[in-house]
Amino acid sequence: MIDLRSDTITRPTEAMLESMREASYGDDSRDGDETVMNLEALAAERTGKEAGAFMPSGTMTNLVAVLTHAQRGGEVLLESSAHILVSEIGGIAGLAGMFHRGVPGTRGAMDIDALREKIRPMTRNNLGTALVCMETTHNQAGGAVLPLAHMRAVHDLAHEHGVPVHTDGARLFNAAAALGVAASDIAQHTDSVGFCVSKGLSAPVGSVLCGSASFIERARTFRRMVGGNMRQAGPLAAAGIVALETMVDRLTEDHASAKRLAEGLHHINPRLVDPQEVETNLVRVDVSASKRSAAQWSDDLQRKGIRVSPASASTLRFVTHRHIGNTDIDATVGAVAALWTKS
Ligand SMILES: Cc1ncc(COP(=O)(O)O)c(C=O)c1O
């Protein structure tokens, strides 16, 4: 099987398994675990923040960030197709008790004028803006990377209004690789940032929320509230450390694979995908010109040994990662080409 459904399927490396065997078994929820603390310190250093808190998932880093930044009942502004809105089961409302308003955007970047229009203080007639969120790379926008100038503009605007900014950086290191900058160059434009070691970085589980020391101290309370304290999390953190130390530099290989895939598919039919829009390891493919639904494409490709995710009725999502090489990409393009002639 060529599995292009997600980069979360990546298996731990031998070095990760070795470090997991040797990890400490302190109680992260009681007096702390040494390996977890080492991962948190490394994550803080890589993002240029004062502190980090290890969590089980990217969804939880976002939820805890919202709970920590914002008073219940306030309003969160974020791009209309943000992962927090479309894929996190309404936790922002149901669990954090926040109202939200989506801001229209292009390739995941909120329209700054629309954001300026929506940001507002609390009055008798309005909920005040409690938090602004960004997402880079942007999942629904096909792995698009927010330009640093855009992030700076959002951060400056929010701060003019005394509003904090959180960034969902589940694939922060993909964004950094695509921009050719350090993760801290991105994270300087946000008050808090979460990233996952469980995606293209190949660790089995885990995400880290980073921010100021006082923010992370409060975040630890909310992490406990939502059940995120993991007790003997040393082995998971150990894999996360190896992920940060050894797996970041190779992400450009995944981006090159995604580009090769997009170019191959574009060659079959230009309406499938524009390779110029593929910046990282996600490739969104529009199959509407084929008269076959995305679900049918997914089933047909699976019969040829290729797994992809239908992202909408007419869109497929292909994600490249460490277990996908050029041969797999070329086989995938070949399979799509063969099915295309029958569509
Ligand atoms: C942009 C973004 N944010 C958050 C998440 C959630 O991460 P997790 O699956 O670890 O909860 C994902 C997962 O794909 C994502 O793509």
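Kindly provide the set of residues from the range 127-170 that are charged (D, E, K, R) and within 16 Å of the ligand (Cβ to nearest atom), ordered by number.
Glu135, Asp168
Does the range 208-224 include one or more residues that are farther than 20 Å from Met16 by Cβ, part of a loop (DSSP other than H, G, I, E, B) and of a type in the set (Val, Ile, Thr)?
No, the range 208-224 contains no residue that is farther than 20 Å from Met16 by Cβ, part of a loop (DSSP other than H, G, I, E, B) and of a type in the set (Val, Ile, Thr).
Okay, residues lined up against (1) out of contact with any His (no Cβ under 9 Å at 6 or more places or on another chain); (2) free of Cβ contacts under 8 Å to residues at least 12 places away in the same chain:
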site	(1), (2)
Ser290	yes, no
Arg303	yes, yes
Pro310	yes, no
Thr315	yes, no
Thr320	no, no
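Quick one: Thr61 ticks every box in (1) over 15 Å from the mean Cα position of the chain (by Cα); (2) part of a helix (DSSP H, G or I); (3) buried (at least 24 other Cβ atoms within 10 Å of the Cβ) bar one, so which box is it?
(1)
Give the residue, chosen from Arg107, Arg116, Arg101, that is within 16 Å of the ligand (Cβ to nearest atom), assigned by TED's automatic domain parsing to the domain that holds Ala187 and at pLDDT 95 or above.
So the residue among Arg107, Arg116, Arg101 that is within 16 Å of the ligand (Cβ to nearest atom), assigned by TED's automatic domain parsing to the domain that holds Ala187 and at pLDDT 95 or above is Arg107.
Show the residue pairs that are 6+ apart or on different chains and have beta-carbon atoms under 8 Å apart, the first residue being within the range 85-99 and farther than 15 Å from Val226 by Cβ, the second being assigned to a loop (DSSP other than H, G, I, E, B) and more than 11 Å from the ligand (Cβ to nearest atom).
Phe99/Gly73; Phe99/Gly74; Phe99/Leu127
Pairs needed: first member in the range 11-40, open to solvent by less than 40 Å² (accessible area, probe 1.4 Å); second member anywhere, at pLDDT below 95 and not in a loop (DSSP other than H, G, I, E, B); C-beta distance under 8 Å; at least 6 residues apart or different chains.
Qualifying pairs under 8 Å: Gly26/Gly32.
Which numbered condition trips up Thr190, out of (1) open to solvent by 10 Å² or more (accessible area, probe 1.4 Å); (2) in a loop (DSSP other than H, G, I, E, B)?
(1)
Checking the conditions here, which among Ala294, Ala331, Ala256, Ala337 is open to solvent by 30 Å² or more (accessible area, probe 1.4 Å), at pLDDT 95 or above and over 30 Å from Ala15 (Cα atoms)?
On inspection, the qualifying residue turns out to be Ala337.
What's the number of the only condition in (1) within 21 Å of Phe215 (Cβ to Cβ); (2) in contact with a Phe, Trp or Tyr (Cβ under 8 Å, 6 or more places away or on another chain) that Ile84 fails to meet?
(2)
Could you tell me whether Val273 is buried (at least 22 other Cβ atoms within 10 Å of the Cβ), without any contact (Cβ under 8 Å) to a residue 60 or more places away in the chain, part of a strand (DSSP E or B) and outside the structural domain of Leu179 (by TED's automatic domain parsing)?
no
Among Ala82, Ala65, Ala53, which is the only one that is touching a Lys or Arg at 6+ places or on another chain (Cβ under 7 Å) and within 16 Å of the ligand (Cβ to nearest atom)?
Criteria check complete, one pass: Ala53.
What number of residues in the range 98-126 are out of contact with any strand residue (DSSP E or B) (no Cβ under 9 Å at 6 or more places or on another chain), within 27 Å of Glu279 (Cβ to Cβ) and part of a loop (DSSP other than H, G, I, E, B)?
Of the residues in the range 98-126, 0 are out of contact with any strand residue (DSSP E or B) (no Cβ under 9 Å at 6 or more places or on another chain), within 27 Å of Glu279 (Cβ to Cβ) and part of a loop (DSSP other than H, G, I, E, B).
I'm checking my understanding of the structure. Among residues of the range 203-215 that are of a type outside the set (A, V, I, L, M, F, W, C) and closer than 8 Å to Ala239 by Cβ, which one is nearest to the ligand (Cβ to nearest atom)?
By that ranking, first place goes to Gly206.
The values are calculated or read from the model by the stated rules, or taken from the named source; none is laboratory data. All values derive from a computational prediction rather than experimental measurement. Note that we place each Cβ from the backbone using ideal geometry, even for glycine, and neighbour counts take in every protein chain shown. Note: areas computed on protein heavy atoms with side chains; ligands, DNA, RNA excluded. Shrake-Rupley method; radii C 1.70, N 1.55, O 1.52, S 1.80 Å.
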